[in-house]
Every structure is written in C-alpha cells, then in structure tokens.
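Engineer: Got a structure for you, questions after.
The values are calculated or read from the model by the stated rules, or taken from the named source; none is laboratory data. Everything quoted here is computed from the prediction, not taken from an experiment. Heads up, the Cβs are rebuilt from the backbone with ideal geometry, glycines too, and the neighbour counts pull from every protein chain shown. For accessibility, only protein heavy atoms count, side chains too; no ligands or nucleic acids. Shrake-Rupley method; radii C 1.70, N 1.55, O 1.52, S 1.80 Å.
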Amino acid sequence: MTDEQILTQMQAIKDEEANLHPLVDNSVDLVELEKEYQNGSAAFQNKIRNLSETHDRMRRSRGDGNCFYRAFAFAWFERVMLAKNKPELHMNAVKAMEESKDLLLAAQFELLAFEDFYLVTLETLQNLVHYTPEELLAAFQNDEISNSIVMHFRLMVSAYLKTHQEDYAPFLEFGQTMDEFCSMHVEAMGRESEEMMLIALTKVTHVSVEVAYLSGNENVDEVNFLPFLPDTEPYMPPLVLLYRPGHYDILYRKSHCLEGVV
Amino acid sequence: MSSAVHRRMLKEYLAIQKNSATRPHLELLEPIQEDDLLHWQAILLGTADSAYEGGRFRLDIVIPNNYPIHPPAIRFTTKICHPNVHFKTGEICLDILKSEWTPSWTLESVCVAISSLLTNPEPSSPLNCDAANLLRCGDMAGYNSLVKMYTALYAMDDEEQ
C-alpha cells in the first residue's frame, strides 16, 4: 500500500467511529456515567458517586482528538448564552475573541490562513445573544462551524505558546522547538491536548477551568479536581471538564445548574 | 458543495495574484479552469545551481471539500527523479501533505515547501529507492547526473507537457 492509501484507510476508520457519536451530544444525567462503570472497578464507582454529590449532569464530546477544544468552547459559549442577564460575560468573551486576532498576527500566522476560522468563531459568539440552547447545540454539531471553532481555538493556543516561549519552551522535549511542537501537537486537527494546552487556552480566553480527573486509583474515593486559572481575576465560575485518560467531556456543577439546559 | 472552501480558495487566488513577484521558484499557481477553484496547477522551476536547473515541473493540485482542515492532494505530473517522489505516479512523500498537515498552510506556502524539498531531499523515507540509495551511499556525482538526465529528458521540453 502507498502512504496515501494508508492515510485514506485510517481516515475511513476514524470517520466510521466518529459517525457513531455527534460532535457534541445532548446533556445527560450523571447516572449515565455511573452506568458505564456498573460492571467496572469499585474505584470508579465510588468516585462517580462522590462526584454526583456536587455535579448532576454531563455532556459528551466526540472522541476524535479534538474533544478538549470542543468541550471547552461549548461549555464556555453555553455559559455565555445562558447568562443573558449578565451581558458582561458576553462582552468579555467577544473582547477575548477579538484580541485573539492580534495575538495570531503577532505569532506570524497569515490572516488568509486563519481568517475564516476566526470569523466563524466570532460570529457564533455574537449569535449567542439570540441563540436558543437547541441552536447552539446545532451549531456545534455542524461539521463546518464546529471544526472552524476547534481550529481557531487550536491556533489561539499555538499563538499563545509561540509568543510566551520563555515560559513554556523548558517543558518541551530536548531539541524540539516551540514551532515544531505547535505544528505537530497543537495546530493539526485531531491531535490530543495535554496540560500545556489547557494552561494556554485558559490564559488566552481569561476563562478558568477545573478538570475532574476520573482515574482507576484504588486508594482514593474522591475525584481529584485540578484548577487552571487565567492571569486576570476570573469573572465567572470555572467551566468544569471531566477527564478520563485520553478524553474530555463537559460536567455541570449543581450550584450553577442552569435552567433551560438541553 | 461547501461554500466555505470556495470562499477560502477565492481569497487564496486573489492573494496569489497579488504576491506573484515574491516567489521566484513558482512560475505558475492557478486554477486549471477559472470556474473550478478546487482543481489547480502549478509549475515549479528547478533552482539554479541544482541538478534540477532549467527544469519546469508541473504539479496537479486537488482541493478536498473540507480543505483546509484536510490537506490538498498534490502530485507531480512532470516526471521527476527525486527520492521522495514516486517516479511513475508523481506521489510526493512530504510530512506536511500527510500526517503533519495543519490548516495554517496555504497553497502558496505548500508549493514553496515542495520546491524546497527538491533541493533538500529526505532519503530516509524514499518513494524512489534508486535515487535515495545513491544519496545514502554518498554518491553525489551519480545522483546529480541521474537527476540532470531526467530533468533534461522530461522537464525541459514544453511540448511534452
């Protein structure tokens, strides 16, 4: 087989898997998560039971390597959409997005190459003032819109890392440049994210996020929450993401279990 | 048909026309027919002082509907002797056209990358083993004369293209 045939075949396998799940799913009761582990280890079951004391719903993001970016974007945009009585959330989000354009230019990205992704993301954000939850979900389930948003988020992360090399280059593998790291692990669609990308995205968007690590560690019954904070004072409660090795989904915390969530 | 890809290709088309003076090794980069922005052609010029000097190498470029999330399919239609180009099919082995593609590339920057592949071959991932083996043995004289011969044979006669 030639390289091209191998690549086509790999893509076909991915597509088949992907079509089983929407890019972003309806939210479901946390009981659904418990069901996944009903025949699993006690460690998982105990952790989920503990988690359900403070959280009541979750929303799955497709496991296509973009789940972190898509989950983060959806959770953030949904928060802004539901807080129609708090216009400052929307203003801050639009401002962060508009500033990202200058950041990308400062990181030497060609306007031509990123403008379409940027405009789709900004337009979706601007639409939040009149979107219903169903319309937001439909936008994130639309390949073109959803992937443009993911792509813009990836480029924001890459641009942040490239313009803050002095802070992040020490974490790279020996001999790897930040440009190489970003093109290989950040900018390419489908590449999974690691902690450095979470930190960068938090800083760029000024949105804090807490990641609930659900692991099979037998020694603890509590889910470990890891906070990621922006440099500025957070202006809203953190987004909550559920992490299981290799995958991110969205969690809904009870205290701001908002009305009208699909 | 996706309108996003057409919008993007139109932007690239206009930018390429504006920049034409700034890329010496790219003689041409344009849609084959004006009404089809998803099928392009390019002509790369062999760099002076390289074994490809004097050659004009034609590329066929097919833009998928989900470009630029997915890479364009690019192959040489002019026969070329190069370790990373399949001699019969013109398939190009270049990481950015495959696994390392990122949407921050444009057609123009990709063509520049292919052009620089000509003078910076990567013999460890060959599609043309004969050319790659000469390089790996360090037989530069043999390699250069082989490349020159094929360049003269296939890439210098306009009628042939």
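Engineer: Could you do me a favour and compute the accessible area per residue for chain B, 1.4 Å probe, result in Å²?
Structural biologist: 47
Engineer: Among B:GLY55, B:SER145, B:LEU14, flag the residue with its Cα farthest along the positive direction of the charge dipole of the range B:3-160, charges on Cβ as +1 for Lys/Arg and -1 for Asp/Glu.
Structural biologist: Highest projection toward the positive end goes to B:LEU14.
Engineer: Let me ask something additional. For the interface of A with B, what's the total buried accessible surface in square angstrom, probe 1.4 angstrom, rounded to the nearest hundred?
Structural biologist: 1900
Engineer: Take every Cα pair under 8 Å in the range B:3-160 that's 6+ residues apart, average their separations, divide by the length, and report that relative contact order as a whole percent.
Structural biologist: 21
Engineer: Enter the mean number of other protein chain beta carbons within 10 Å of the beta carbon of each residue in A:110-118, as an integer.
Structural biologist: Across the residues of A:110-118, the mean count of other-chain Cβ atoms within 10 Å is 5.
Engineer: Please identify the helices of chain A, taking whole runs of DSSP H, that span at least 20 Å along their own axis as judged from the Cα atoms and have a mean Kyte-Doolittle score of 0.0 or higher. Walk me through the numbers on the way to the answer.
Structural biologist: Details: long enough: A:3-18 (22 Å, -0.89); A:67-82 (22 Å, 0.89); A:87-106 (29 Å, -0.11); A:111-127 (23 Å, 0.61); A:143-163 (29 Å, 0.33).
Passing helices, by number: A:67-82, A:111-127, A:143-163.
Engineer: Using protein chains only (no ligands, no nucleic acids) and a 1.4 Å probe, work out which residues of the range B:63-82 have their accessible area cut by at least 50 Å² relative to the chain alone.
Structural biologist: B:ILE69
Engineer: For the range B:3-160, which whole percent of the accessible surface, found with a 1.4 angstrom probe, sits on carbon and sulfur atoms?
Structural biologist: Details: 3890 of 7340 Å².
Solvent-exposed carbon and sulfur of the range B:3-160 make up 53 percent of the total.
Engineer: Here's a follow-up. Out of B:HIS82, B:SER99, A:ALA138, whose Cα points farthest toward the positive end of the dipole of the protein assembly as shown (charges: +1 Lys, Arg; -1 Asp, Glu; placed on Cβ)?
Structural biologist: A:ALA138
Engineer: While we're on this one: Partner chain Cβ atoms within 10 Å, averaged over the residues of B:101-112 - can you pull that number for me?
Structural biologist: 5
Engineer: Taking the Cα centre as origin and putting +1 on Lys and Arg beta-carbons and -1 on Asp and Glu beta-carbons, what dipole magnitude results for the range B:3-160, to the nearest 20 debye? Don't skip to the answer; put the middle values down first.
Structural biologist: Working: 13 positive and 20 negative charges, 77 e Å.
About 380 debye.
Engineer: With +1 on each Lys and Arg Cβ and -1 on each Asp and Glu Cβ, and nothing else charged, work out how big the dipole of chain A is about its Cα centre, in Debye to the nearest 20.
Structural biologist: 720
Engineer: Here is a further query. Magnitude of the Cβ-charge dipole of the range A:71-177, K/R +1 and D/E -1, about the Cα centre, nearest 20 debye?
Structural biologist: 320
Engineer: Follow-up. How high is the relative contact order of chain A, in percent, counting Cα pairs under 8 Å that sit 6 or more residues apart?
Structural biologist: 27
Engineer: Below 8 Å, C-alpha to C-alpha, sequence gap of six or more: please give me the relative contact order for the range A:129-251 in percent.
Structural biologist: For the range A:129-251, the relative contact order is 18 percent.
Engineer: Going by amide H atoms built from the backbone, whose H comes under 5 Å of the H on A:HIS55, apart from near neighbours?
Structural biologist: Here the answer is A:LYS254, since their amide H atoms fall under 5 Å of that of A:HIS55.
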